[in-house]
Amino acid sequence: MSDPRDIAGQAFIVTGAARGIGLAISTRFHELGARVSGWDLDVSTMQDNPVFADCQAVDVSDEAQTEAGFAASIEALGDIDGVVANAGINGPTKPMWDYSLTEWQTVMSIDLTGVFLTVKSVIDHLRARQRGRIIIISSVAGKEGNPGAVPYGAAKAGVIGLAKGLAREVLPSDITVNAIAPSIAVTDLLDGMAPDYIADKKARIPMGRFCTPEEIANMAAFIASPACSFTTGQVFDVTGGRATW
């Protein structure tokens, strides 16, 4: 009997794949036998990494680049079984009233519009196949809000709404659309956050620590697998007990 978690031989696009959560997801998928096309702004660290069967320099906030990236990925891999829309930024950690419109728009262009454009570039291919996996990396901030990062939380709430709506638009089919909502993970994004912001967010987690990229990667691998065949339009929690719904 085959392993229901098996994704060997399948092909996935992972955005923001050069480091952090995206690299951890790409690595886990590779370990499970999947082929990964990694997208990022800078692919220099990815080109000689055996985790990646292909890599593409893509700005997810640019429609022409996401469309070209998908065309290049499918040419390289021959088919695409799913996408992990992970690319994102935190933005400045400060009160919303101190945000400029430009700062707000920068966060939205990557964390919300970037997910829309990434998924849009892939969706017609998956609809033609009538099967596939769409996994969106959201955040607990999208469910509960994070004081000090209101634009980020608004964008992450937006992609939860995108996942829930799109999940129903593609039915009936074997395409699932789900989101993952982690707490802050231990990645280089911490470098751009104020120490008091980091301390406040850690204090909100009952398990007393942030999640690791590998823990998020394991959840993504489950959602991508045949074992997660009858769940769509849902948000998978990776918050160490912080989330209350």
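The values are calculated or read from the model by the stated rules, or taken from the named source; none is laboratory data. Treat the numbers as computed from the prediction; the structure is a model and nothing was measured. Glycine also receives a Cβ, built like all others from the backbone with ideal geometry; neighbour counts cover every protein chain displayed.
Quick look at the numbers
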item	result
Qualifying residue in the stretch 18-31 (condition: surrounded by fewer than 17 Cβ atoms within 10 Å (Cβ to Cβ), among the hydrophobic types (A, V, I, L, M, F, W, C) and at pLDDT 95 or above)	no
Residue within the stretch 51-64 that is without any contact (Cβ under 8 Å) to a residue 12 or more places away in the chain and among the aliphatic types (A, V, I, L, M) present	yes
Residues that are loosely packed, with under 15 Cβ neighbours inside 10 Å and not small (Gly, Ala, Ser), drawn from the stretch 53-66	63
Residue count for the stretch 8-46, restricted to those that are polar (S, T, N, Q), assigned to a loop (DSSP other than H, G, I, E, B) and in contact (Cβ under 8 Å) with a residue 40 or more places away in the chain	1
Residue 84 being within 15 Å of residue 11 (Cβ to Cβ), at pLDDT 95 or above, in a helix (DSSP H, G or I) and of a type in the set (A, V, I, L, M, F, W, C)	no
Residues of the stretch 21-48 classified as under 18 Å from the mean Cα position of the chain (by Cα) and closer than 14 Å to residue 220 by Cα, total	12
Scan of the stretch 226-245 for residues that are part of a loop (DSSP other than H, G, I, E, B), under 16 Å from the mean Cα position of the chain (by Cα) and modelled with pLDDT of 95 or more, ordered by number	232, 233, 234
Residue in the stretch 210-232 that is among the small types (Gly, Ala, Ser), under 22 Å from residue 10 (Cα atoms) and surrounded by fewer than 16 Cβ atoms within 10 Å (Cβ to Cβ) present	yes
Residue in the stretch 136-151 that is within 17 Å of residue 82 (Cα to Cα), aliphatic (A, V, I, L, M) and under 17 Å from the mean Cα position of the chain (by Cα) present	yes
Enumeration of residues in the stretch 67-77 that are surrounded by 17 or more Cβ atoms within 10 Å (Cβ to Cβ) and under 21 Å from residue 111 (Cβ atoms)	69, 70
Identity of the residue in the stretch 87-102, over 12 Å from the mean Cα position of the chain (by Cα) and assigned to a loop (DSSP other than H, G, I, E, B), that ends up farthest from residue 216 (Cα to Cα)	100
